Structure formats: C-alpha cells, structure tokens
Amino acid sequence: MKIVVTGLGATTPLGGDVRSTWDALLAGKSGISTLEQPWVAQYEIPVTFAGQAKVPASEVLTLQECKRLDPSSQFALIAAREAWADAGTPSVEPERLAVEFSTGIGGVWTLLDAFDTLKERGPRRVLPMTVPMLMPNGPAAAIGMDLAARGGVRTSVSACASSTEAIANAITRLQSGEIDIVVAGGCEAAIHPLPISAFAAMHATSRRNDEPELASRPYDVARDGFVMGEGGGAMVLETEEHALARGAKIYAYLVGGAVTSDAYHITAPDPEGSGAARAVLAALKQANASIEDVVHINAHATSTPVGDIAEYTALKRVFGDHLGQIAISATKASTGHLLGGAGAIEAVFTVLALKERTAPPTINLDNQDPEIPLDVVTSPRKLPDGPILAISNSFGFGGHNAVVAFRSYE
Amino acid sequence: MALSKDEVLAGLAELVNEETGLAAESVQMDKSFSDDLDIDSISMMTIVVNAEDKFGVKIPDEEVKNLVTVADAVNYIADNQ
C-alpha cells in the first residue's frame with residue numbers, strides 16, 4: 001500500500017501558513033526576535049528571545065476558540081485546518097478518518113495560569129475548562145472535533161521527536177486498512193517564563209541575547225544552544241488509492257517512518273549515535289530504498305554543541321562516503337526549535353523540498369564546525385530530477401529517535 | 001447602592017457576551033440559558049463566577065441549577081446584592 005501527502009499546513013515563527021513560511025525560509029529570514037513581554041524583566045529570565053508565531057492565533061481563530069483552547073491547541077487547529085483545506089476538504093467517512101497529533105509539553109500556559117489563579121484567587125476561580133485545555137491530547141482532540149474524525153485520535157509524546165513519531169504512526173494506521181486518511185503533525189506553545197527558565201537551567205538554550213536572529217546556528221563553531229520556537233505543522237496523509245479516487249493533488253509519497261530509543265541517558269544523545277542510525281536505517285528499509293537514493297536530509301540539528309555532532313556521527317555511520325552527496329538543511333536556524341512541533345514543520349519542509357526540487361538554506365553558518373563536515377545547504381539548492389528520496393530526523397530528551405522518509409511523486 | 005434589575009441584566013449580558021460571543025441584545029429576561037442561548041454547563045459556571053465578582057454576590061453551586069432563565073439569574077443577583 002502506498003501512502004501519499006495531499007495537504008500541508010503550518011503556523012510558525014516565519015509565517016502564518018505554509019506558503020509564507022516556505023517563502024521566508026527560502027529567503028533566508030530568521031523568525032527569532034527579542035521577547036517584549038513584561039515577565040522577561042519581572043523574573044529576570046536569563047534568555048530574552050525566542051521564535052514567536054509570526055501571526056498570533058488570536059488573529060485567526062474566534063475569541064471563543066481562543067478562550068477554550070490552550071495556545072498549543074490553537075496552533076494545532078490553525079495548521080490542521082490549513083492542511084485540510086489544502087487537501088481539498090476531503091469527503092471521507094468519519095470512522096475512516098484518524099488524527100495523530102503531538103505536543104512535547106502540552107498545555108503549559110493553561111496549567112501554570114491556573115495555578116496562579118488558585119494561589120491568588122482560590123479554587124473556585126480555577127476555570128472549569130482547565131483540564132481539557134492542559135491535557136497533552138488536547139490539540140489532537142481539538143482537531144478531531146473540528147474535522148469529525150472518529151477513527152481514533154492519538155497523541156504520542158516523545159519530547160522533540162513527538163511529531164515525527166506522529167507521522168510515523170500514521171503509516172501503521174493507514175496500513176491497517178481501517179483508515180483512509182490521517183491528519184498528522186504536532187505543535188508547541190511553551191514560550192512561557194517557566195519552560196524558558198528550565199531549559200536555561202540545564203544550559204540547553206542559547207544565551208545570545210544581544211543578537212537573537214543569529215542565535216540559532218546549527219553546525220557553526222559559535223553555536224551555544226537551541227532557540228525555542230512555537231507554532232504547529234500538519235499534513236494530510238492518505239492511501240494513494242483513496243487520493244487518486246477523489247482526484248486529489250499529491251505532493252509526495254510517505255515511504256518510511258521509524259522510531260528507536262537509546263536507553264543511554266535521559267537528556268544526552270548517545271555519542272555513538274547508534275539509536276539514531278538504527279532509526280534512519282529502519283525508515284530506509286521500510287521505504288525499500290538504498291542509502292544512495294537519499295539526496296536531501298532535513299536534520300534535527302538544534303544548534304547545541306553536542307547534539308549536532310551526535311547526529312553527524314549517526315549519519316556518517318549510516319551513509320559513509322555517500323553522506324558527502326547529500327544536501328543537508330538545518331531549518332531550525334530560521335524557525336527556532338518548536339519542540340513537539342519541530343518534526344511536523346520539518347516534514348512539511350521536506351515534502352516541499354521534494355515537490356519543488358529545492359533544498360532550503362541553513363542560515364547563520366558563518367564558520368562551519370570542522371568536526372561536522374557535512375554538505376550544508378546555505379542558499380536554496382536545486383535537487384536532482386527523477387525519483388528522489390529525502391528524510392527528516394527528530395530526536396528528543398528521553399533518548400527518542402524518530403525518522404520519516406518521503407519520495408518524490410512522479 | 002443596589003443595582004436595578006435592568007442594570008443587572010445589562011451587566012449579565014456583558015458577561016454572557018464575553019464568555020460566549022453572543023450579542024448582548026440576545027440576552028433577554030425570558031430566555032433559557034441552555035435551551036435558547038445554548039450555554040453549556042462549563043460556560044455557565046464561568047459566567048456565575050464572573051457574576052460573583054462583578055455584582056459582589058455569592059452564588060452557591062447548589063443554587064446554579066435553579067438559574068434556568070436569564071430572569072432567574074437577574075432576580076437572584078438583584079435580591080442578594
């Protein structure tokens with residue numbers, strides 16, 4: 001059974017939809033900026049910048065939707081609606097429509113606002129919608145309600161690998177024969193003083209407060225941590241048979257999705273990269289592909305000193321000398337790291353790279369780390385004609401590795 | 001000074017509008033919260049808690065089920081301010 005991508009949606013620090021995001025990415029723009037919120041100074045937050053959604057959800061959704069949905073679910077709904085409309089608003093039996101939609105952290109704004117309310121005003125003032133707004137399956141449930149998906153609505157949580165895992169899970173759902181269409185993706189809305197302080201406490205994030213747009217710099221020798229971003233990404237996945245029967249436009253094939261785990265350290269990547277390498281190999285095996293078929297990788301590359309090297313080590317193990325032939329893009333340089341939404345928007349970028357035969361640039365690479373001799377794309381690069389294959393990697397705290405593989409649709 | 005029932009109605013209509021987006025004019029004395037205005041129990045609890053703050057009254061949870069129509073709520077608030 002072949003699975004195809006028929007719709008894309010995104011809201012990111014670069015733009016409020018897929019087109020504006022992709023155009024800004026190709027133009028080498030940065031979505032990272034200084035945070036103007038009063039809490040930055042109030043709590044003396046050590047990191048004063050992030051990648052905030054370019055278009056606030058309140059400009060897209062109704063007041064009531066905003067009141068009843070955590071910001072993470074708001075981004076999810078915006079991305080999923082765009083993907084659904086882009087797919088031509090498919091007519092499908094509700095029982096054969098499923099959702100696989102992730103978040104890494106969940107409704108952190110709702111949870112912490114509610115605790116503030118409890119402390120300041122007492123339990124009776126805690127909003128009755130608090131629980132459904134904070135639960136991590138809230139974004140998936142909001143999409144499921146909106147699209148009337150009755151074939152199962154699930155949320156896999158694996159930190160920054162979450163939404164790549166969601167897309168991988170969609171393959172199994174479609175292969176079961178029980179489902180015709182899956183809306184898959186992920187979201188995050190964690191630009192809140194607590195998560196920012198917590199990531200800063202573990203020295204995971206960049207402190208380049210004076211030059212925020214230069215702070216996310218994967219593979220550069222001066223990289224000093226990731227930059228948090230927010231938003232969401234979604235794709236409509238369906239069996240090729242179903243897509244052709246309804247005359248849908250098709251972006252690409254989804255040909256592989258694999259998940260492995262390191263069991264090495266709760267936050268540090270396995271320096272040997274074995275788990276990551278196994279995930280890449282498993283995705284390629286599922287795709288019936290050889291390593292030489294891969295022309296482009298959207299790398300996880302968060303801009304942390306150790307993470308970028310660990311991923312390189314894993315890729316070198318898998319691809320050997322062929323690695324030099326692969327165009328590598330590290331798009332977090334422009335978007336920041338959307339945590340549970342990262343894999344989803346990067347899968348969208350990977351699909352567009354195949355569809356438009358263009359690998360997007362990696363900005364801020366001024367002085368490439370000699371320990372990471374990858375062929376990094378720094379300005380939009382034409383990809384070869386003919387059938388081509390690309391992968392997108394995501395890794396998460398907990399030792400999670402997830403990889404999805406897409407093939408061009410001819 | 002206690003508010004008149006008209007003033008309570010106007011204030012309550014504002015709270016309903018904030019919570020549900022319904023036009024304030026649609027909040028009339030003879031309307032049922034659930035049947036006419038389509039306000040669910042979760043929105044109703046939010047409106048009740050906001051009404052307590054706005055009007056300085058205490059509306060016990062066991063009283064909320066008796067507030068079927070807008071008039072029930074306006075009368076309760078006006079009588080207990």
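The values are calculated or read from the model by the stated rules, or taken from the named source; none is laboratory data. Only a predicted model underlies this, so the values are computations on that prediction, with no experimental measurement involved. In this analysis, Cβ positions are derived from the backbone assuming ideal geometry, glycine residues included, and neighbour counts consider all displayed protein chains.
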Legend entry - Residues of region B:19-51 satisfying the condition of being part of a helix (DSSP H, G or I), within 12 Å of chain A (Cβ to nearest Cβ) and buried (at least 16 other Cβ atoms within 10 Å of the Cβ): B:Glu19, B:Thr20, B:Ser43, B:Met44, B:Met45, B:Thr46, B:Ile47, B:Val48, B:Val49, B:Asn50
Legend entry - Single residue of region A:104-124 satisfying the filter (surrounded by 15 or more Cβ atoms within 10 Å (Cβ to Cβ) and over 21 Å from the mean Cα position of the chain (by Cα)) that is farthest from A:Ile191 (Cα to Cα): A:Thr117
Legend entry - Within region A:299-408, strands (runs of 3 or more DSSP E) holding 3 or more residues that are of a type outside the set (A, V, I, L, M, F, W, C) and either surrounded by 22 or more Cβ atoms within 10 Å (Cβ to Cβ) or outside the structural domain of A:Glu230 (by TED's automatic domain parsing) (or both): A:389-396, A:400-408
Inset, instruction - Only one of these is within 12 Å of the chain's Cα centre (by Cα) and either within 14 Å of chain A (Cβ to nearest Cβ) or closer than 27 Å to A:Arg121 by Cα (or both): B:Asn80, B:Asn75. Name it. - result: B:Asn75
Inset, instruction - Evaluate the following for A:Phe199: is it modelled with pLDDT of 95 or more and in contact with a His (Cβ under 6 Å, 6 or more places away or on another chain)? - result: no
Legend entry - Residue among A:Ala263, A:Ala258 that alone is of a type in the set (A, V, I, L, M), in contact (Cβ under 8 Å) with a residue 40 or more places away in the chain and surrounded by fewer than 24 Cβ atoms within 10 Å (Cβ to Cβ): A:Ala263
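Do we have any residue at all in region A:18-37 that's assigned by TED's automatic domain parsing to the domain that holds A:Val108 and assigned to a strand (DSSP E or B)?
yes
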Inset, instruction - Report, ordered by the first and then the second residue, all pairs with beta carbons closer than 9 Å, sequence separation of six or more or different chains, a first member in region A:127-150 that is within 14 Å of another protein chain (Cβ to nearest Cβ), and a second member that is modelled with pLDDT under 95 and part of a loop (DSSP other than H, G, I, E, B). - result: A:Met133/A:Leu127
Inset, instruction - Scan region A:44-66 and report the pairs whose first residue is outside any helix (DSSP H, G or I) and whose second residue is at pLDDT 95 or above and aromatic (Phe, Trp, Tyr), with Cβ atoms within less than 9 Å and a gap of 6+ or a chain change. - result: A:Ile45/A:Trp39; A:Val47/A:Phe199; A:Ala53/A:Phe75
Inset, instruction - Determine, yes or no, whether A:Phe115 is touching a strand residue (DSSP E or B) at 6+ places or on another chain (Cβ under 7 Å), aromatic (Phe, Trp, Tyr) and part of a helix (DSSP H, G or I). - result: no
Legend entry - Yes/no for A:Gln74 being assigned to a helix (DSSP H, G or I) and surrounded by fewer than 19 Cβ atoms within 10 Å (Cβ to Cβ): no
Legend entry - Sole exception among (1) touching a helix residue (DSSP H, G or I) at 6+ places or on another chain (Cβ under 6 Å); (2) in contact (Cβ under 8 Å) with a residue 40 or more places away in the chain for A:Ile291, by number: (2)
